[in-house]
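These notes are about the structure you will find just below.
Read-outs throughout are calculated quantities, based only on the coordinates presented, and are distinct from any laboratory measurement. On a predicted model such as this, the values are computed, not experimentally measured, just so you know. Reconstructed Cβ throughout: ideal geometry from the backbone, glycine too, with neighbour counts over all protein chains shown.
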Amino acid sequence: MKIKEQLNYIEQVKNKFTKPHYYYILTMGCQLNENDSEKLCGMLEKMEYQKVENMKEADIIVFNTCCIRENAEEKLFGKLGEAKEFKMKKGTIIAIGGCMMQEPHMVKKITESYPYVDLIFGTHTLHKFPEDLEKVLEKNKIQDVLDIDGEVYEGVPIKRQDKKKALVTIMYGCNNFCSYCIVPYVRGRERSRKQEDILKEIENLAKEGYEEITLLGQNVNSYQGSGEEKYGFSHLLRDVEKIEGIQKINFMSPHPKDFTDDVIEAIADSKKVTRIIHLPLQSGSTEVLKNMNRKYTKEQYLTLVEKMQKRIPGIVFSTDIIVGFPGETEQDFEDTLDVVKKVHFEQVFMFIYSRRKGTMADKMENQVLEEIKHKRFERLKQLVESQIAENNQKYIGTVQNILVEGKSKNNDHMLTGRTDTNKVVILEGEEDLIGKTIPIKIVSEHMWYLKGVKS
Ligand code: SF4
């Protein structure tokens, strides 16, 4: 069913309500899931549901799940236990969607062990949420999961979380099949949105006052637009650059193998594209990278970093690293430390390898002992922290343009924002600075954040 018909459904569902209805949504996982949740919120609010921050006040509870990490399952089961109480007391509708619902063994477990769940929907059927919800309201239990690649739907209502920064998904799915990753199985093969639709969305965002855009995709730099002429990620970056009002462009996540010269040139020519590039390393060992099916070597990764540093002065990097992948030897791990020492990442998202059912790596026999994985993780963490402290020193005394995002979570009297390189900056100031970009002098560093004063 197409979006127009879904919008008609919204009208029908909405007319069933005679009193205010409330929804609670919990999003797990990455920014793509956050963007999906913004669409779920958009559809629910079109149906005149209002958002609440507490599960107990809700008439419908939605869990938008992720299946990348093992603890996501435990988290979901814990939350389902909490939600059951409200189901029993007042008949709250419980819906679960997202990546985890694309895994047949998880759907089986939910239907058998949590029979009070009303609606299970997948990543390819998210746009049908109004139709599915209407069936649930008619007292049905619904399972709406497709195991084929979904189409790209435009025009799904959206309720954005922020007023200045917006997430824009440009493509869905992934073709890479990294051996540890479940994403290609749950999100399907790569499908790109048409460039006209993406640019229209961003132009509208700029008109609404949005200043910062994050282009999202599982493998964002393999974006392929439509039409007869070849249109790739570098073209999209150049076209977004031209949109008046947009001041900053981020993208997440690129794959090192797809970082072609035209993309590097587009970043170098840009005044808006972020100067912190997230370049997932995963391992510094060529052998482990091969087993991970990453399609680049340690040397190719380092050459790419060097090329970008030469072409784009001031560029810095963040990365993801998995410690303890099957077969990782001490020497392999040393190679990872070596890359970390050479690149001096601004930020490293470190993960201890955990087995994911359905992936190639789960079937590998040479799994690394937990104790070894944890010891290596600690060594990596120490190295990363010492480098971050060192990197932070170079900010002290500099003036940075900071978009003030809001009040600091840890100190209500302080404001928070980020540098161009994504460092958190805490500063004193009045609330009317929120949403403005202002020059801030950095005066001290505190490992995970910098402190600044108005310059
Ligand atoms: S590139 Fe690899 S890690 Fe990233 S989503 Fe695709 S398969 Fe997963």
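Could you give each residue of the stretch 439-454 its phi-based ³J(HN,Hα) in whole Hz, using Karplus coefficients 6.51, -1.76, 1.60 with θ = phi - 60°, and x for Gly or Pro?
Computed from phi, the couplings for the stretch 439-454 are x, 10, 8, 7, 10, 7, 10, 9, 6, 9, 8, 10, 10, x, 10, 4 Hz.
Report, as a whole number in µm² per second, the diffusion coefficient that Stokes-Einstein gives for the stretch 3-144 at 10 °C and 1.306 mPa s using the Kirkwood radius over alpha carbon pairs. Display every interim value, and only then the final one.
Numbers: Rh = 15.1 Å.
Translational D for this selection: 105 µm²/s.
Rounded to the nearest 5, what is the percent of antiparallel bridges among the DSSP beta bridges in the chain?
Values: 22 of 65 bridges.
DSSP beta bridges in the chain are roughly 35 percent antiparallel.
Give me the one-decimal Kirkwood hydrodynamic radius in Å for the chain, with the sum taken over alpha-carbon pairs.
Numbers: mean 1/r = 0.0422 Å⁻¹.
Result for the chain, one decimal place: 23.7 Å.
Which pairs in the list Lys108/Lys165; Lys200/Lys454; Lys108/Lys128 are over 32 Å apart, alpha-carbon to alpha-carbon? All intermediate terms of the calculation are to be shown ahead of the outcome.
Values: Lys108/Lys165 38 Å; Lys200/Lys454 36 Å; Lys108/Lys128 21 Å.
With Cα atoms farther than 32 Å apart: Lys108/Lys165; Lys200/Lys454.
Let me know the shape class of the stretch 124-179, please: from the alpha-carbon gyration tensor, a ≥ b ≥ c as square roots of the eigenvalues, rounded when a/c is under 1.5, otherwise prolate if a/b is greater than b/c, or oblate. Show your work: numbers first, answer last.
Details: a/c = 2.59, a/b = 1.21, b/c = 2.13.
It comes out oblate by the Cα gyration axes.
At a 10 Å Cβ-Cβ cut-off, how would you order Phe121, Phe349, fewest neighbours first? List each step's numbers first, then the result.
Numbers: Phe121 25, Phe349 13.
Arranged by neighbour count, lowest to highest, Phe121, Phe349 become Phe349, Phe121.
If the cut-off is 13 Å between C-alpha atoms, which aspartates and glutamates fall inside it for Lys307, apart from same-chain ones fewer than 8 positions away?
Lys307 reaches Asp261, Asp262, Glu265, Glu299.
Given q = 0.10, 0.12, 0.14 Å⁻¹, what are the Debye log10 I(q)/I(0) values for the stretch 175-332, with equal point scatterers placed on the Cα positions and solvent ignored?
Values, matching the q order: -0.40, -0.57, -0.77.
Please arrange Glu138, Glu445 by how many other C-beta atoms lie within 10 Å of their C-beta, fewest to most. Mind dumping the intermediate values first?
Numbers: Glu138 9, Glu445 19.
So the residues, fewest neighbours to most, are Glu138, Glu445.
Filter the GluC sites (Glu not before Pro) in the stretch 325-383 down to the DSSP loop ones having no more than 14 other Cβ atoms within 10 Å, then list what survives.
Working: sites: Glu328, Glu330, Glu334, Glu346, Glu365, Glu370, Glu371, Glu378; in loops: Glu328, Glu346, Glu365.
Those that pass, being in a loop and sparsely packed, are Glu365.
What is the distance in Å between the Cα centroid of the stretch 270-334 and that of the stretch 54-126?
So the separation of the two Cα centres works out to 36 Å.
Taking the Cβ of each residue in Met252, Met88 as the centre, tally the other Cβ atoms inside 10 Å and list the residues starting with the fewest. Write out the running numbers ahead of the final one.
On the way: Met252 19, Met88 10.
Final ranking by Cβ density, sparse to dense: Met88, Met252.
Kirkwood-based Rg over Rh for the stretch 240-372 (C-alpha set), two decimals?
Values: Rg = 16.6 Å, Rh = 16.1 Å.
Ratio of gyration radius to Kirkwood radius for the stretch 240-372: 1.03.
Taking 25 °C and 0.890 mPa s as the conditions, I'd like the Stokes-Einstein D for the stretch 165-207 in µm²/s, using the Kirkwood hydrodynamic radius from alpha carbon pairs. List each step's numbers first, then the result.
Numbers: Rh = 11.9 Å.
Stokes-Einstein gives a translational diffusion coefficient of 206 µm²/s.
Suppose R0 equals 22 Å. What FRET efficiency, 1/(1 + (r/R0)^6) with r the Cβ-Cβ distance, do Lys409 and Glu208 give to the nearest 0.05? Don't jump to the answer; show the numbers that get you there.
On the way: r = 26 Å, r/R0 = 1.17.
The computed FRET efficiency comes out at 0.30.
Hey, what's the Kirkwood Rh for the stretch 399-454 if you take every pair of different alpha carbons, in angstrom?
Details: mean 1/r = 0.0931 Å⁻¹.
Over the stretch 399-454, the inverse of the mean reciprocal pair distance is 10.7 Å.
Over the alpha-carbon set of the stretch 70-110, divide Rg by the Kirkwood Rh and report the Rg/Rh ratio to two decimals.
Numbers: Rg = 11.1 Å, Rh = 11.1 Å.
Result: Rg/Rh = 1.00.
Looking at the stretch 360-455, which chymotrypsin sites (Phe, Trp or Tyr not before Pro) are DSSP coil and have at most 15 other C-beta atoms within 10 Å of their C-beta?
Sites meeting the loop and neighbour criteria: Trp448.
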